[in-house]
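The values are calculated or read from the model by the stated rules, or taken from the named source; none is laboratory data. Note that the structure is a prediction, hence the values are computed from the model and not measured. Reconstructed Cβ throughout: ideal geometry from the backbone, glycine too, with neighbour counts over all protein chains shown. Areas reflect the complete protein model, heavy atoms only, side chains present, ligands, DNA and RNA absent. Shrake-Rupley method; radii C 1.70, N 1.55, O 1.52, S 1.80 Å.
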Amino acid sequence: MLWQSLTLQLGYNATLVSFGVTLLGIAAGLAGTYLYLRKNSLVSDAISHATLPGLVIAFLVMVAFGGDGRLLVGLLTGATLSAALGLYCVSLLTRKTRLSQDAAIGAVLSTFFSFGVVLLTFIQALPIGHQAGLQNFLLGSTAGMLWNDAMVITGLALAVTLVLIVFRRPMRLVAFDASYAQALGYRVGAIDAVILGVTLTVTVIGMSVVGLILIVALLIIPTVAARFWSEKSDVIFTLSGIFGGASGYIGAALSGFAPNLPAGPIIVLVAFVIFVISFLLAPERGVLAATLRFWSFQTRVHLTQGLLALAQDRPIYEPKTRRLLQRSGYIRADGVATDDGREQAFKTLQNERRWSFWKQHLEGDVLSADTSMVHSLIDIESRLTADQIAEIDNALLNEATS
Amino acid sequence: MMGQEFFVLSFPPLVIGIFASIACALPGNFLILRKQALIGDALSHVVLPGIVVAFVITGAITTWPMMLGALSAAFLAIALIQAVQRIGRIEQGAAMGVVFTTMFALGVLLLEMTDTSKVHLDVEHALYGSLESLIWIDSYGWQSLLSIEDLSYMPVELWRMVGVCSVIVIFVVLFWRPLTLISFDEGFARTQGMRTNVMSTLLIGLSALAAIAAFDAVGSIIVIAMFICPPATARLMTNSLERQVWLSLVIASVSTVIGYYLAAYGPLVVGFEESLSAAGMIATVSGVFLALAALFGSHRKSNS
C-alpha cells in the first residue's frame, strides 16, 4: 500500500494531488532560499496569518453575490489581497516607525489573524450555516480535494517554480547584496517585489494544502536543512528545492497511506526529518562532522605535546596523552619511547624549532589561513618550500654553533 | 448593565482578560526591545503539543498536568531553538521557524490520532479560547465581591491568572534595573559583571508562564497580540521605559474592555443576534491602537 502510494498507483486523483504537493514543496523550498538569505524567514509567518481575513471576506462577498462561496480561485484571491496588505503593513511599520521587524511581523500577524477569527465567528452565526469548511484552511486538507482545486494548485505551483528558476540569478543577487545589484543596473525594487509576490503565491496555494499555520514550515525548514550542506547559494537553492519537493512527495504518499490523518503535519514532519539528518550528518557544518573535527584536533594536540616532551626528556603526566602515544606505538606501556616514537619525537621537535625561528625572524603571509592554529601542529614542509626550509636550517645551525 | 447580570456574565471574562493581557504585555515590553518579540508567537504554538501529550498520558483534561505539559514543551522549544541557533549556526528567526512549526505539526498530528471526541480539546479551541464561557454563577451583584463564599464560585482560571500575573509583576519590580540593562545594552550589562544569560532565561521563562496561563484562560491569539501590540504602541508614544511599561498596561486593559464589549454587544447594535469571538476582537482592538500610534504617535521615529 505504501509502495503503491509512493509510486503513484493509487488512482488518478491521488496522483494529481501528489504531483501538486510535490510541486508546491519545490516552489516553497526555492522561494524560502531568498527569505533565508535576506534574514526574512519569519515574514512568511506574517503573510500566512494575514490571509485569514481576506479568505473570509472573499467568502462573504461571493455569498452576497449569490455564489457558492467555496470557489477556490475566489477564496485564494481574497487571501492574496489581504496577505499583500499585511505585508505592506509590515514594511510600513519597519520603515516608518522605530519598531524592529520582528515586532512588526508579530503585530501584523496577530492583528490580522484575530480579525479573521472575528469574521469567522460572524460567518458561523449567519443563516447560510455551511460556512464552506473555511476551517480547513487552518490546517489544510488534501483528502477531500476536488479535481478542479487540485488543478488550480498544481498549475499555480508549476508557474511559481518556473518563475523562480528563470529569475534565479537576479533574485539571488538582490537577496545577497542589494546595493551591488543596483550598481550592476538591476531594478532592485522590481526584483524584490517578484520575490515577495512569489512567496505570497506559494503561501496562498500552500495554505489550502498544509494549512496557513504550517505553510511557514515549508518555506523555512527545507532551506535551513540545505544550508548545512553547502556555503554556495546556488547549491543551497537547488538542494532546498529538492528537499521541499521530497517532503511534499513523501508526505503526500504517507498521508495517502493514512487517509484519516491530515496531510499538512505529515509533510512538515517529513521536512523536519530531512532537517535532522542534515543537522547531524552534513559534512563541515553537521554536528557529527564538527564532533569528529574536534576529536581529531584534540588528538593532534595531545600527540604533539607528548612527542615534544619525549624529545626533550620531560615526563608526561597527562594520562590521555600517554594513552594516545601508546596506541600510536610511540611509547611502551612503561612510558619508554620506542624507536618509532624517538624518530617521530625528533621530527616534531625539529618542526617546532623551524616554526619558532620562522615566527621570530621571517614571518610572512604564508600562514594567513591558519594564523589562529598552533603552528607546531602543522608540518612545516607542507607550507614552505624546500629552499626556505634549508635557509631556516642553516640559520638554526649557525645559531647553535656561534 | 451594571446589575447582577454584569457580575454573572461579564465580570469574570473582563477581569480574567485584563489580568491575562497584563501578564503578557508586561514581559512583552522587554521582549520587543530585545528583538525577541516573536518568542511569544513561538511559545503559543508549542503549547499545543505539550497539552496534547499531557492529555495522552493522563487521559483527561486536568489543569495541572496540562500546564506542566505546556511548560515542558515551552522549555523544550527554547532549548531546541538555542541548539539549532548555536550548534547549527542558523539565525534566530529561521531557527524559531523550524522548531515551532515542527512542534505544532506534531501537536496537530497527535491530536488527530488521539480520541478526543469526548472532551473539549481541538485546535480551534486552543486558538480562540473560550472567554465567553467563564461565568460566575453564584453572584448577586456588588456585595458578592465581599462574600468569601460567593467568591469561591469564581472560575478557577481567574485565581490562576491573578497568581501568575502577580508573580510577573513582582519579578519585574524586583529586577527592574537588570531587565532595563539587558533590554538596551546587553554587552554593557555583561561588562558590569551581570550574568545576562540567567536574566534573559528568566525573562523568557516567565513569558512562557504568562503565555501558558493566558492560553488556558483566553486562547493563544490574545497571547500573541498582547505580547507585542500594547508594548509596541507604548513604545511609539514615549522614550521613557517606565512610562512605556505603564502605558502598555493601560492600553492592554483598555483593549480588553473595548474588545469584550464590541464582541458581546457590537452585533446587537446592528441588529445581529449572535456575539462575535471576544478573544479575536480584543486582539484586533489592540492592533487598531498600534495602527493609531504608528500614524500619530509622538515618538514614531527613533530620533524623535
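Tabulated data for the structure shown
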read-out	value
Some residue of the range A:226-241 being outside the structural domain of A:Arg332 (by TED's automatic domain parsing), aromatic (Phe, Trp, Tyr), farther than 24 Å from A:Asp45 by Cα and surrounded by 16 or more Cβ atoms within 10 Å (Cβ to Cβ)	yes
Residue satisfying all of: in the range A:165-219; assigned to a helix (DSSP H, G or I), more than 14 Å from every other protein chain (Cβ to nearest Cβ) and of a type in the set (Ser, Thr, Tyr); most open to solvent (accessible area, probe 1.4 Å) among these	A:Tyr180
Exclusive hit being at pLDDT 85 or above and in contact with a Leu (Cβ under 9 Å, 6 or more places away or on another chain), set A:Leu162, A:Leu173, A:Leu146	A:Leu173
Those residues of the range B:17-42 which are at pLDDT below 90, open to solvent by less than 10 Å² (accessible area, probe 1.4 Å) and assigned to a helix (DSSP H, G or I), in sequence order	B:Gly40, B:Asp41, B:Ala42
Given (1) surrounded by fewer than 24 Cβ atoms within 10 Å (Cβ to Cβ); (2) within 14 Å of chain A (Cβ to nearest Cβ); (3) under 21 Å from the mean Cα position of the chain (by Cα); (4) assigned to a helix (DSSP H, G or I), number of the condition B:Val52 does not satisfy	(1)
Unmet criterion (only one of (1) surrounded by fewer than 20 Cβ atoms within 10 Å (Cβ to Cβ); (2) within 45 Å of the chain's Cα centre (by Cα); (3) at pLDDT below 85) for A:Lys347	(3)
Residues of the range B:38-86 that turn out to be under 18 Å from A:Asp45 (Cβ atoms) and without any contact (Cβ under 8 Å) to a residue 12 or more places away in the chain, as a count	1
Matching residues in the range A:255-307 - criterion: being over 29 Å from A:Ser230 (Cα atoms), open to solvent by 60 Å² or more (accessible area, probe 1.4 Å) and in a helix (DSSP H, G or I)	A:Phe257, A:Gln305
Residues of the range A:308-335 that turn out to be farther than 17 Å from A:Leu349 by Cα and either among the hydrophobic types (A, V, I, L, M, F, W, C) or in a helix (DSSP H, G or I) (or both), as a count	8
Residue among B:Val250, B:Val269, B:Val245 that is more than 9 Å from every other protein chain (Cβ to nearest Cβ), within 25 Å of B:Val156 (Cα to Cα) and out of contact with any Ser or Thr (no Cβ under 6 Å at 6 or more places or on another chain)	B:Val250
The range B:256-270 residues that are over 16 Å from B:Ile222 (Cα atoms), paired with ones that are in a helix (DSSP H, G or I) (beta carbon under 7 Å, 6 or more apart)	B:Ala264/B:Ala278
Number of positions in the range A:83-121 that are surrounded by fewer than 24 Cβ atoms within 10 Å (Cβ to Cβ) and among the polar types (S, T, N, Q)	6
Of all residues in the range B:84-103 being at pLDDT below 90 and not β-branched (Val, Ile, Thr), the one that is most open to solvent (accessible area, probe 1.4 Å)	B:Arg86
Single residue of A:Ala84, A:Ala103, A:Ala64 found to be out of contact with any Asp or Glu (no Cβ under 6 Å at 6 or more places or on another chain), in contact (Cβ under 8 Å) with a residue 12 or more places away in the chain and of a type in the set (Gly, Ala, Ser)	A:Ala84
Residue within the range B:56-66 that is open to solvent by less than 30 Å² (accessible area, probe 1.4 Å) and either among the acidic types (Asp, Glu) or modelled with pLDDT of 80 or more (or both) present	yes
Identity of the residue in the range B:188-226, farther than 30 Å from A:Val108 by Cβ and part of a helix (DSSP H, G or I), that ends up least open to solvent (accessible area, probe 1.4 Å)	B:Ala189
Condition check for B:Leu290: at pLDDT 90 or above, within 12 Å of chain A (Cβ to nearest Cβ) and out of contact with any strand residue (DSSP E or B) (no Cβ under 8 Å at 6 or more places or on another chain)	yes
Test: residue in the range A:115-129 that is free of Cβ contacts under 8 Å to residues at least 24 places away in the same chain, among the polar types (S, T, N, Q) and either closer than 25 Å to B:Gln36 by Cβ or facing chain B (nearest Cβ under 9 Å) (or both)	yes
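Let's see how each residue does on (1) over 23 Å from A:Leu93 (Cβ atoms); (2) surrounded by fewer than 20 Cβ atoms within 10 Å (Cβ to Cβ):
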position: B:Ser240; (1), (2): no, yes
position: B:Thr256; (1), (2): no, no
position: B:Val270; (1), (2): yes, yes
position: B:Ala278; (1), (2): yes, no
position: B:Met281; (1), (2): no, no
position: B:Phe289; (1), (2): no, no
position: B:Leu292; (1), (2): no, yes
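Let's see how each residue does on (1) in contact with a Lys or Arg (Cβ under 6 Å, 6 or more places away or on another chain); (2) at pLDDT 95 or above; (3) over 20 Å from B:Arg34 (Cβ atoms); (4) in a helix (DSSP H, G or I):
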residue: B:Glu242; (1), (2), (3), (4): no, no, no, yes
residue: B:Ala252; (1), (2), (3), (4): no, yes, no, yes
residue: B:Pro267; (1), (2), (3), (4): no, no, yes, yes
residue: B:Ile282; (1), (2), (3), (4): no, no, yes, yes
